[in-house]
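Shown next, in structure tokens, is the structure this report addresses.
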Amino acid sequence: MTITTISTKRAVGYLRVSTPGQAGEQHSSLETQEAHVQSYCDRSDLTPVSTFVDVVSGRRDDRQEYRSMVEFVLQGGADVVVVQFLDRFGRNPREILQRYWELQDHGVQVVATDEDIREELLLLLKAGMAGAESRRTSERVRANMGRAVQKGVHAARAPYGLRKTYEGREVQWEIDPIEGPVVREMYRLAVDENVGYKSIADKLNERGHRSKEGRPFASYTIQRILRNEALMGTLAYGKRPRKGNPQEELITVPEFFPAILSKDEWDRLQQRLAIRRESSRGRAHSSTYLLGGIARCGNCGGPMSGKTGSMWRGKRYRNYYCSRAMRSREMCATYNGHAAQRLEEAVLDYLGQFSDPEKVREHMQAAKSRELGKKEAELKAANRSLSAIETQFMQHLDLLKRDVLSEGEFIKANEGLRTQKVELEGRKADLDAWLKQQQGRASAAERMPVAIRSFVEDFGRLDVRVQKARLQEILKAVVVGKDTLEVEFRA
């Protein structure tokens, strides 16, 4: 007697919608997906063993049921994963591809009831389309919000310092009589006293001021308030774009709100905040050393830190040292120490010669000519490298089409290229920004002498933190050699 064993493959269904009751253009409601999966299993002689359902956006790779489904099949729970469309797997092309090939390597087949995904190139195309659809959805939502903003609609909560009033059904904006003065105080502390976010929050909390929600101020709350263009009357949408929302789609409506700060005050505030971001944790700004965060070692380029020595014959000595040389001679082998008073006086004397705009222009032009050639060469090299990466990718894609490379080899070959591309694009953006910045140097040559004269005249009457803040607005760096000084003005 011959015994015949009939082996039926086991299948799991994976269903996903972004929101309850979603149908979409492809009629992909949960009920429709389930019906298609069941019908496919019946036609293909597959035994359904389980169904996994997510009601969450496909852009999230941490979907609970999705992860449970993957773990279940990788542990041998099923032989086939059935979906209606490949985009049910998600909207992230990289995740789709990697998951598909991972399951394939474990002998698990992925099938779609309403489309053919057997060919690798079609899989790549579908994965790209899934990501593109997610971007198109975001773009549609963004476009609708953008049109509303352009019409003067502010859908979010009122910015700190401002409040809504109503004339009939028409919305009007006015400066909040309680919050408005608090914003002015934030500005004064940041710009005039050179105080950081945390210290501003602490000072306001001590005086009994509170945020819009009635809670004590935190540093990130102060940061958000002081970086909001609403303070100068501008309504902005898209300032912090999410994935798929490019920065160039920023929408602004000037003079939408009553201005708490003038345009000049806003610009000065943003310059002060940008300067503070150059030095971590605010140590350079709270230091009693005038050149802290400004002085750089002429030997290695590292920061020079102020250090107070021990008492000697009734006098305590204050000096600047290269911070790298202090840590290790391997980092900077040349001793570069200077008495604080002599170095600070030398910098102030040196600044005095730049009260003439022509002198400033000559200095800035010399500095620009030294750097410009170097930066332009770096930019050309970055562009050449990006072109080479694009050529390599197309070569790898051709090898994949001709089955010379497997899918796994294709991914591995391009992993390094993607990393290089991200780094090069970041460097290219920095270089482009630097070259654009040079366009502002002509106007800086006119402003700088006025700022220098004012600083030198007021210097003796200012607190050291304010002295430092004013000097940082004039100088980006002071490069200190053994017997030389070189200054870099802010553009």
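The values are calculated or read from the model by the stated rules, or taken from the named source; none is laboratory data. These figures come from a predicted structure and were not determined experimentally. Cβ: placed from backbone, ideal geometry, glycine included. Neighbour counts: every protein chain shown.
Looking only at the range 279-326, count how many residues are among the charged types (D, E, K, R) and either part of a loop (DSSP other than H, G, I, E, B) or modelled with pLDDT under 85 (or both).
Here the count works out to 5.
For the range 424-438, enumerate the residues that are surrounded by 12 or more Cβ atoms within 10 Å (Cβ to Cβ), at pLDDT 70 or above and more than 13 Å from Asn383 (Cβ to Cβ).
Selection gives Asp430 alone.
Can you find even one residue in the range 260-275 that is under 17 Å from Gly481 (Cβ atoms) and either at pLDDT below 80 or more than 21 Å from the chain's Cα centre (by Cα) (or both)? Steps first, answer last, please.
Taking the range 260-275 as the starting set, the residues that turn out to be under 17 Å from Gly481 (Cβ atoms) are none.
No, the range 260-275 contains no residue that is under 17 Å from Gly481 (Cβ atoms) and either at pLDDT below 80 or more than 21 Å from the chain's Cα centre (by Cα) (or both).
If you go through the range 325-343, how many residues are under 12 Å from Asn299 (Cβ atoms) and within 34 Å of the chain's Cα centre (by Cα)?
Taking the range 325-343 as the starting set, the residues that turn out to be under 12 Å from Asn299 (Cβ atoms) are 325, 329, 331-337.
From the residues that got through so far, the ones that are within 34 Å of the chain's Cα centre (by Cα) too are 325, 331-332.
Residues meeting the conditions: 3.
Identify the single condition in (1) polar (S, T, N, Q); (2) at pLDDT 75 or above; (3) within 25 Å of Asp403 (Cα to Cα) that Gln84 does not satisfy, given that it satisfies every other one.
Only one criterion is unmet by Gln84, namely (3).
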